[in-house]
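Accompanying notes for the structure given below.
Please treat every number below as a calculation from the coordinates, not as lab data. Given the structure is predicted, the values throughout are model-derived calculations rather than measurements. Here the Cβ is made from the backbone with ideal geometry for all residues, glycine too, and neighbour counts use every protein chain on show.
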Amino acid sequence: MLLTITTTHQPATDLGYLLHKHPARCQTLSFGFGKIYIFYPVASKEKCTVALLMDIDPIGLIRRRRQGKMGIQPDQYVNDRPYVCSSFISVALTQAFRSAMKGHCEKRPELVDTSMPLQCKISVLPCRGGERILHDLFEPLGYTVTAAGYGLDSSFPDWGNSPYYTVELSKTTTVSQLLNHLYVLIPVLDNRKHYYIDENEIDKLLKRGEGWLSTHPAKEIIALRYLRHKKSYMRQLLERLIETDPEDEDNTTNSREMSSEEIVETQLNLNQIRQAAILSILKSGNAETVIDMGCGEGNLLRLLLREKSIKKIAGVDVASRALEIAAEKLRLEDLPPRQRERIQLLHGSLVYRDKRFKGFDAAVVSEVIEHLDPPRLTAFERVVFQCAHPKTVIITTPNREYNVMWQHLPPGSLRHGDHRFEWTREEFKQWAQNICRRFNYEVRFLPVGNEEPNIGAPSQMGIFTGKNDETIE
Ligand code: SAH
């Protein structure tokens with residue numbers, strides 16, 4: 001993973017003072033995940049480029065990690081981490097350029113506040129949510145952004161684009177400001193973090209975001225992704241940003257936009273409403289065995305465990321880390337044996353046939369289909385409706401028509417960086433009815449959340465019932 005910063009400030013080699021790294025030397029630093037090499041491919045009066053090469057050791061990564069409750073999974077060995085710019089770069093930046101980030105320069109203190117033309121090039125940057133989000137994050141900060149994307153696999157053009165880009169960011173600014181922007185926004189674009197976060201992360205984000213985050217138009221998305229989608233942390237952060245932002249005092253209450261608070265509240269309520277709707281459908285149909293497909297961190301599983309009438313529960317997810325967190329949240333290891341026997345977590349994919357998915361009264365697929373690449377949907381449909389073939393399948397997915405209600409969402413963009421699509425009510429209906437014809441199910445639809453005239457509710461639910469079998473209503 002290579003990141004370079006170039007300046008044409010005169011004399012350009014001043015960059016070396018600011019970074020506390022002599023242009024004539026190549027330096028090697030060890031950090032917990034591998035090695036960082038810092039060197040200057042160009043260092044003249046006119047132009048100076050510093051390169052940070054991060055060499056992540058994938059085997060070391062796994063050895064460092066406490067083996068999770070799910071054991072070591074193959075995707076922990078084979079993944080993109082060594083090759084892309086991710087949250088590891090934030091750690092590397094603080095190790096390599098700590099003083100520069102803080103704005104300290106003993107030898108040439110006047111340089112700290114000097115704005116200079118800077119160009120940062122990142123060899124491979126994952127932008128989950130596509131190129132658009134890259135522009136939405138950096139352009140409001142005054143950067144000129146260029147990005148070259150790559151197809152997922154040139155042999156299969158219909159698989160579409162990969163999330164990886166080669167990116168150039170240019171701006172006349174201070175080195176410290178650039179480093180702090182990169183520190184925060186690279187993990188936001190990648191939308192994954194290599195470490196488990198706690199409340200200290202809010203302080204870190206406030207510190208690195210000082211002077212720019214509170215007025216950034218995408219601050220909710222930045223906060224949500226940076227804080228690993230922990231809504232309570234996001235809410236705390238937004239409250240503290242408002243406290244520290246003098247401009248907010250001028251905000252009048254008759255502003256048309258929803259406040260950050262309302263956005264979070266809306267989303268929180270929506271999760272609860274969705275889960276309550278799912279539970280009531282399962283209960284009214286007397287489902288005794290339930291599989292939560294794409295269970296994520298196990299929020300629904302926790303509620304299912306509380307329902308005594310449900311005898312057997314399974315949660316399946318493709319992300320082993322999500323399952324580890326689910327196991328922790330559910331305290332699986334501490335459950336008494338009879339409870340423990342009721343639930344199992346399965347590492348698996350919904351686009352591959354799997355015998356373990358069979359034999360359940362009901363399957364829940366909540367907010368998952370929009371994470372699947374469209375060419376994979378046919379496989380998903382067969383796996384769920386033909387192979388697993390439960391009596392009832394409950395599928396929820398966002399209603400794209402409702403996105404206009406969320407003012408923080410730029411027009412046309414999707415709600416989550418990893419969503420591959422979001423459907424209108426009509427699109428969902430067409431898809432669901434096609435499934436019913438092919439697999440002999442019938443479907444009814446329910447809105448999830450408050451319905452608005454003409455655009456519907458924020459989320460939509462399809463309840464599929466197998467026609468030939470004993471059905472649950
Ligand atoms: N159902 C949960 C989580 C939704 S997030 C809820 O309603 O809160 C989407 C989840 O789907 C993620 O945990 C993701 O890892 C999982 N997922 C995405 N693609 C998948 C696949 N092919 N097979 C299994 N799980 C998948």
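Some points to look at:
- When the convex hull of its Cα atoms is viewed from all sides, the range 2-195 shows a mean projected area of 12.2 nm².
- Where labels lie 7 Å past Cα in the beta-carbon direction, separation of Arg98 and Thr215 in nm: 3.2
- Its Cα centre serving as origin, the chain has a Cβ charge dipole (Lys and Arg +1, Asp and Glu -1) of approximately 1840 debye.
- Checked against a 24 Å cut-off, the cross-linked pairs Lys21/Lys107; Lys230/Lys308; Lys35/Lys102; Lys171/Lys230 give Cα-Cα distances beyond that limit for Lys230/Lys308; Lys171/Lys230.
- Under 5 Å, built H, 5+ apart or other chain: amide partners of Asp292: Ala314, Gly315, Val316, Val364
- Debye-sum result for the chain in log10 I(q)/I(0), which assumes one identical scatterer on each alpha carbon, at q = 0.06, 0.08, 0.09, 0.10 Å⁻¹: -0.31, -0.55, -0.69, -0.83
- For the range 260-466: relative contact order, % (alpha-carbon pairs under 8 angstrom, 6 or more apart): 18
- Between Thr144 and Gln433, the FRET efficiency estimated from the beta carbon spacing at R0 = 35 angstrom works out to 0.15.
- Each principal axis of the range 260-466 carries a Cα extent, and these read 50, 42, 31 Å when sorted largest first.
- In terms of the mean number of neighbouring beta-carbon atoms within 10 Å, the peptides 106-116, 39-49, 169-179, 269-279 order highest first as 169-179, 269-279, 39-49, 106-116.
- Binning the alpha carbon pair distances of the range 197-244 at 5 angstrom intervals from zero yields the distribution 5, 25, 40, 24, 5, expressed in whole percent.
- Cα centroid separation - the range 304-343 against the range 1-39, whole Å: 48
- Max-minus-min Cα coordinates of the range 291-342 on each principal axis give 27, 20, 14 Å, with the largest extent listed first.
- Ratio Rg/Rh, restricted to the range 336-411 and using Cα atoms, in which Rh is the Kirkwood radius: 1.09
- Within-10-Å neighbourhood charge of Leu152 [Cβ basis; K, R +1; D, E -1]: -3
- More than 21 angstrom apart: percent of Cα pairs within the range 364-473: 36
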